[in-house]
Every structure is written in structure tokens, then in C-alpha cells.
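The values are calculated or read from the model by the stated rules, or taken from the named source; none is laboratory data. Treat the numbers as computed from the prediction; the structure is a model and nothing was measured. Positions of Cβ are backbone-derived with ideal geometry, glycine not excepted, and every protein chain shown enters the neighbour counts. Calculation scope for accessible area: heavy atoms of the full protein, side chains included, ligands and nucleic acids excluded. Shrake-Rupley method; radii C 1.70, N 1.55, O 1.52, S 1.80 Å.
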Amino acid sequence: MSTKNWPLWEVFVRSKNGLEHRHFGSLHAADAEMALENARDVYTRRNEGVSIWVVESKYITASNPEHNGEMFEPAQDKVYRHPTFYDLPDEVKHM
Amino acid sequence: MSEEQIKNLEEQFEARIARDEKIEPKDWMPEKYRQTHIRQISQHAHSEIVGMLPEGNWITRAPSLRRKVALLAKVQDEAGHGLYLYSACETLGISRDELYEQLHSGKAKYSSIFNYPTVTWADMGAIGWLVDGAAIINQVPLCNTSFGPYARAMVRVCKEESFHQRQGYEIMLKLCQGAPEQKEMAQDALNRWWWPSLMMFGPTDAESTHTEQSMKWKLKRKTNDELRQQFIDQTVPQAEILGLTIPDPDLKWNEERGSYDFGEINWDEFWQVVKGHGPMNKERMKARVGAWERGEWVRDAAMAHAEKQQERKEKQAV
Ligand SMILES: [Fe+2]
Ligand SMILES: [Fe+2]
Ligand SMILES: [Fe+2]
């Protein structure tokens, strides 16, 4: 049995310039450098990326789906944040 | 939580899946859903990992550089598939170490097909064509399964599988266009891999447990027998193009069904291999566990190095 297990890392890949990094999956590695190398081999064997970010999973703070109510519902009744809320005559163009 | 509340949550949960919503790792889920998914995803991951062994056997003896780079890339993909799936499985709250422990102790199963030996180069052709072919049929419906991380891993896996099958079929094609001995070798491989490939779809519908639950959770969309029939119907014409004979005297086109009728599968053999008495079960586990144990000092050294680097960085920062 090994003394210590390699920690878990989350992998984010930019598929091409102009696009954001997107979460691709996770992997285990001893350190950041190894996480980058492993991410290249695991997630970009067919040119899926031009840039990789790795972050140790323990540093990610995630919202709890059980609190989705207080978290996201307040936005639901704010229809006035959307352009369709405002009644304008059809003659008004370019708006 | 009261029983009433749990029942309520379960109903909402099933309704979400019925509406085609995805379940994500931190969402509430019934314990049975979690356990079933851990079992299925880990079995799948183990199959990808153990599946490297029969083909790894031929990498150093591939007949040309072209075949060698292709086989190497295929086996590397299978390692990748195993890793995507292990990490999907870990989101359900089980650690990689526990998963390995289950595989190495024999507690977890992997696909029985990998307990057959690869005795000639033609087996690389037959595996890619038949085994990856059967895997694709099993796996494509999983791209729409209800558990988000599993579905996403499967999308990536399925994209990569079609190269596997094509490279295998091309190996068969070349052998069949070669000398009589080469064609014989291809036929021999088909003879040995045909029936085990049909067994990859699992027991008959009459024998198969928990199909209904799996259908609900979209772990399954078609039954074992339906998938097996689909495989046979699409593979027979491919064998004809190769000029090879499917080793089943009862195989016959059924005009009325629009499908092939086929002979009885040897289910005794299937259960024997599942229970650990296949030709290569012991060998596969020995190779896998051996690799894990021999790699221990490397894993430890990498960790020690990482810690030392970290300490050094912290000291410099002071
Ligand atoms: Fe695979
Ligand atoms: Fe697979
Ligand atoms: Fe494959």
C-alpha cells in the first residue's frame, strides 16, 4: 500500500483560441506539472486543445444543489432584466 | 429524513429522469441509483483497463510500423477510456484507491471477453472488428444516459471507438487478401472470437435481472437480445466482404423477421468465465496486480518529489 495517494485535479481545456476553457474531466497526479502532462495525454490525444488549466479539486468551492432555491430562484421573477419586458410600438426599428 | 420525505424525493427524482433531465454528482439521488452507477461505471472502467492486456501482448510483435503505431494508439485510447470512466465514477463518492482495490481483490468484475487469449496477430484484427464493434453497440446508447458525468465520458469514448473497429477490420481485410495461410489465420480468429463476442451482450432477456430499472435510469435503452441481434445483423455482411465464414451452422437469414436466426450460445461457458474459470482470468489479474505493485515505488517517489518541491517553494516565499 502506498503511503500517500496522488491528489485529484480538475482539467480545463481551451479547444481553440477565441473559445473559453471548458471543464473536460479530472485525473490524479502528484503535482501540477504532472497533472498538466497527464491532462495532455488523457484529454488531448486528438488535438482537442491549445491550452490546459489544471487545479487541484480540493480548491474548488461548489454551490450546493439543495440550496438552488435561495441561490437561483430570485432571478426568475426579474423579467424586467430582459428586453422583451418593454412594450414598444412595431414602428420603432433597430431596437 | 422521514420515509415520506424520501419517497417524495424519489418520485421527483424519477420524474426528472423521465423528462430527460441529467443528474449531476451533487444532486440528491436514491442510494440504489448511486450504488448501481458505481458498480456499472467501475465495471466499465475496469474492462477498459484489463482490455489493454490482450492487445498489449502484440504491440512489440506487430508486423509493420504502421500496424504498430495504430495498435499502440488504440491501446492508449483504452487507457484513456478507463481514466475518463474512473473519474466519472469518483464523482459518486468512491475513491480511485477503493476502485482499484475492488478490481485487484476480485470483488469487482470486468468484461469476460478479456479472459480469452490472443494467440495470433489475426486476433488483433478480430478484437478490433468484433469486440470493439460489440462494445460500440453497447456504448452508443449510454451517451444519453441519465448520470451526467457518465454520459459525457461516453460521448468521448464513442468518438474514439470507431477508429478501433476500422483498424481491426482493416487487419482482417489485409489477411484475407493475403496468402492462404493468412486467410486461414483470419478465419481461425473469427472462429474463436465469434461466440465470446455474442456473449458480450450478457444473458438472454429471460435470464437477465434488473433490466427494467436500468431502462428507467437510461443505463439501457434496448435489451441484451435486441443488441445482440443488431450486432449479428450488421456483422454477417462484413464477414461476407472478407470472404470468411461465421462459425455457426444454424445462422440463416429469416426473411419474415428481416434478421438472422442464429444457433444456441453456450451459456455454461459464459458463466464459467464470469466465475473466474476462463482461460486467462488468473493471468489477467496477475498481470494487472503485478503492474500495480511494481509501480508502487514510482508513485511514492513522485509524491515525495512533489512534497519536496512544495516545501522548497514555501521556504523561498518566507
Ligand atoms: Fe474503449
Ligand atoms: Fe469500451
Ligand atoms: Fe476500443
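Residues that are within 16 Å of ligand 1 (Cβ to nearest atom) and away from chain A (no Cβ under 14 Å): find the helices (runs of 4 or more DSSP H) completely inside the stretch B:133-220 holding 2 or more of those.
The qualifying helices (runs of 4 or more DSSP H) are B:148-176.
Kindly establish whether A:Thr44 is within 14 Å of chain B (Cβ to nearest Cβ) and surrounded by 15 or more Cβ atoms within 10 Å (Cβ to Cβ).
Yes.
Name every residue in the stretch B:83-126 that is assigned to a helix (DSSP H, G or I), touching a Gly at 6+ places or on another chain (Cβ under 8 Å) and small (Gly, Ala, Ser), in order of residue number.
Of everything in the stretch B:83-126, those that are assigned to a helix (DSSP H, G or I), touching a Gly at 6+ places or on another chain (Cβ under 8 Å) and small (Gly, Ala, Ser) turn out to be B:Ser87, B:Ala88, B:Ser112, B:Gly125, B:Ala126.
Scan the stretch B:281-301 and give yes if some residue there is more than 14 Å from chain A (Cβ to nearest Cβ) and open to solvent by 100 Å² or more (accessible area, probe 1.4 Å), otherwise no.
Yes; the residues of the stretch B:281-301 include at least one that is more than 14 Å from chain A (Cβ to nearest Cβ) and open to solvent by 100 Å² or more (accessible area, probe 1.4 Å).
Got a number for residues in the stretch B:8-24 being of a type outside the set (D, E, K, R) and either touching a residue at least 24 places away in the same chain (Cβ under 8 Å) or open to solvent by 60 Å² or more (accessible area, probe 1.4 Å) (or both)?
Residues that pass the stated criteria total 5.
Scan the stretch B:94-118 for residues that are free of Cβ contacts under 8 Å to residues at least 60 places away in the same chain and surrounded by fewer than 20 Cβ atoms within 10 Å (Cβ to Cβ) and report the count.
Qualifying residue count for the region: 8.
Among (1) more than 8 Å from chain B (Cβ to nearest Cβ); (2) out of contact with any Phe, Trp or Tyr (no Cβ under 7 Å at 6 or more places or on another chain); (3) not in a loop (DSSP other than H, G, I, E, B), which single condition is A:Trp53 missing?
Only one criterion is unmet by A:Trp53, namely (2).
Can you name the residue in the stretch A:56-78 that is surrounded by 10 or more Cβ atoms within 10 Å (Cβ to Cβ) and more than 30 Å from A:Glu37 (Cβ to Cβ) and, of all such residues, is nearest to the other protein chains (Cβ to nearest Cβ)?
Going through the qualifying residues, I end up with A:Pro65.
I'd like to verify a number: residues in the stretch B:45-104 that are closer than 20 Å to B:Glu170 by Cβ, in contact with a helix residue (DSSP H, G or I) (Cβ under 7 Å, 6 or more places away or on another chain), within 14 Å of another protein chain (Cβ to nearest Cβ) and among the β-branched types (Val, Ile, Thr), how many?
Total meeting the criteria: 1.
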